[in-house]
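The values are calculated or read from the model by the stated rules, or taken from the named source; none is laboratory data. The structure displayed is predicted, hence computed values, not measured ones. Positions of Cβ are backbone-derived with ideal geometry, glycine not excepted, and every protein chain shown enters the neighbour counts.
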Amino acid sequence: MTLGYAFKRIDRHGKARYTACYEDLKGKITSAGTFSSKKEADRAWQRAEAEVGKGRDLNLKRGRQTFKKYVEETWLPNHEVEPSTMQSYHYSIYKHVMPEFGAMRMMDILPEHVRAWISGMKKNGVSAATIRYNKVVLSAIFTTALNDQVTYIHPCKGVRTPTVPEKPLEIISPEQFDDLYHALPDADSKLLVETAIETGLRWANSPNSAVATSRPAPAS
């Protein structure tokens, strides 16, 4: 049974406007937008009803909120991460993300806008690693928004970032190894270094133990 309809009203200029109305998941009559023609309004409430039929709560009011409002009032206060990570998120959001998307409505942000943003950062000399991290943060925001049905597309999906070049591995010379080896204080230290250099491992301290990580051995 169809419950949606287009409600006609006259605006202050005397022109007819049509509000698309549909019944949401809670049985409440909700607006799917106001249009200049009944045909557009009918399409809007029909689309809304189709989403409700899929079990989606198509509340356009939530999608119409600005990116800034959603991030500051919903996402940041409820996003559980380590304090250091949150500090990094704040810097990325307010330095790179908010200036681009802050004034836009959540429902209006599309993949093309994300691509243009990435291209702009690249032209402005932002490093590939920073661009990638900024996109990770933006993607995390929209993953939550998509799960919470604030928006029905994920604008970061399929959008690529510049390749981050791998840092070249520094390998010490035999002479440098000799200098290090002969400067060691005792036999135990020398044994550890001999083990590391012969097996191609790098030894590092962790809070509870020594951890060995694969590394190519230096040329002999």
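Restricting to the range 138-150, give me the number of residues that are buried (at least 20 other Cβ atoms within 10 Å of the Cβ) and not aromatic (F, W, Y). Step through it out loud before you land on a result.
First, the residues of the range 138-150 that are buried (at least 20 other Cβ atoms within 10 Å of the Cβ): 138, 141-142, 145, 150.
With the extra rule that they be not aromatic (F, W, Y), the set shrinks to 138, 141, 145, 150.
Total meeting the criteria: 4.
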Just the residues that are more than 19 Å from P111 (Cβ to Cβ) and among the basic types (K, R), please, taken from the range 148-168.
K167
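Would you be able to tell me the number of residues in the range 79-109 that are part of a helix (DSSP H, G or I) and of a type in the set (D, E)? Even if it seems obvious, please write down each step before you answer.
Within the range 79-109, the first condition is being part of a helix (DSSP H, G or I), and the residues that meet it are 83-101, 106-108.
Retained after the next criterion (residues that are of a type in the set (D, E)): 100, 108.
Within the range 79-109, residues that are part of a helix (DSSP H, G or I) and of a type in the set (D, E) number 2.
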When the residues of the range 1-22 are narrowed to those that are in a strand (DSSP E or B) and in contact with a Cys (Cβ under 8 Å, 6 or more places away or on another chain), which ends up nearest to V52 (Cα to Cα)?
Y5
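Quick grid of which residues meet (1) at pLDDT 90 or above; (2) more than 30 Å from S92 (Cβ to Cβ); (3) out of contact with any His (no Cβ under 9 Å at 6 or more places or on another chain):
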{"residue": "K28", "(1), (2), (3)": "no, yes, yes"}
{"residue": "T34", "(1), (2), (3)": "no, yes, yes"}
{"residue": "E40", "(1), (2), (3)": "no, yes, yes"}
{"residue": "Q46", "(1), (2), (3)": "no, yes, yes"}
{"residue": "K54", "(1), (2), (3)": "no, yes, yes"}
{"residue": "G63", "(1), (2), (3)": "no, no, yes"}
{"residue": "K69", "(1), (2), (3)": "yes, no, yes"}
{"residue": "T74", "(1), (2), (3)": "yes, no, yes"}
